[in-house]
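Beneath this line is the structure, given in structure tokens, with notes to follow.
The values are calculated or read from the model by the stated rules, or taken from the named source; none is laboratory data. Since this is a predicted model, take the numbers as computed values, not measurements. Cβ sites come from the backbone with ideal geometry, for glycine too, and all protein chains shown count toward neighbours.
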Amino acid sequence: MSLETIDQKIAAAFSGPLARAVSPFRGGRTVVGEYDPVTGEQPKAEVNYTGRGVFGGFSRQIIDQQHILSTDIKLTVLQNELIGSDGLPVTPINDDTIDNLRVIDVQQDPAGATWSLQCRGTRIPAAINDWLMFEGLWNDGGAWSDAEAWNDGNAVNWALLAGIWNDSGEWHDNQEWNDG
């Protein structure tokens, strides 16, 4: 069976029987160039990409709380659907950011059809990230824009509705956030 056939079958499963488990995501990284002694600067370029994948966990047998934490997220991505903003395929690397998660480890399956990514952090799905950016509460760097925008109540009201912020002003744990 050719790689193209495998890609087509997995893509069909992502769109068919697995559709409810598959989530769109956005990822990226900043690439720093070499130091330019004339300008005194290091040029930076953004590599942004989108894809679809299944966010899940790791089996208890491989969680060692040193290299793989119980809160780590396993993201399985169809390799040919990981596309950069320039329309070309992208290879994920360690320290990429995907929906506010930091990529810890990247593995490719033997057939070269999928990526398995070990991610760490608190996932903010693309749709929520878009809303936060639209409201001016979140910036492209994955940080809160300013305290004044946060304190206007919009984000707090949204977070209460989403169940990730409780009435006493504390974040729920990562697992509850990731379940949403």
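The number of residues in segment 107-123 being modelled with pLDDT under 85 and among the β-branched types (Val, Ile, Thr) comes to 1. Residues of segment 10-64 that are among the charged types (D, E, K, R) and part of a strand (DSSP E or B): ARG26, ARG29, ASP36, GLU41, LYS44, GLU46, ARG52. When segment 31-81 is filtered for residues that are within 30 Å of LYS9 (Cα to Cα) and aromatic (Phe, Trp, Tyr), the ones remaining, listed by number, are TYR49, PHE55, PHE58. Please work out if THR50 is modelled with pLDDT of 90 or more and in contact with a Lys or Arg (Cβ under 9 Å, 6 or more places away or on another chain). Against the criterion (modelled with pLDDT of 90 or more and in contact with a Lys or Arg (Cβ under 9 Å, 6 or more places away or on another chain)), THR50 qualifies. The set of residues in segment 20-43 being within 26 Å of LEU88 (Cβ to Cβ) and among the hydrophobic types (A, V, I, L, M, F, W, C) consists of VAL22, PHE25, VAL31, VAL32.
Residues satisfying the criterion are present in segment 51-67 (criterion: farther than 15 Å from THR114 by Cβ and in contact (Cβ under 8 Å) with a residue 40 or more places away in the chain). Could you check segment 90-106 and list, in sequence order, the residues that are modelled with pLDDT under 95, assigned to a strand (DSSP E or B) and not β-branched (Val, Ile, Thr)? LEU101, ARG102, listed by residue number.
If you go through segment 31-50 and keep only what is farther than 25 Å from ASP86 by Cα and loosely packed, with under 10 Cβ neighbours inside 10 Å, you end up with PRO37, VAL38, THR39, GLY40.
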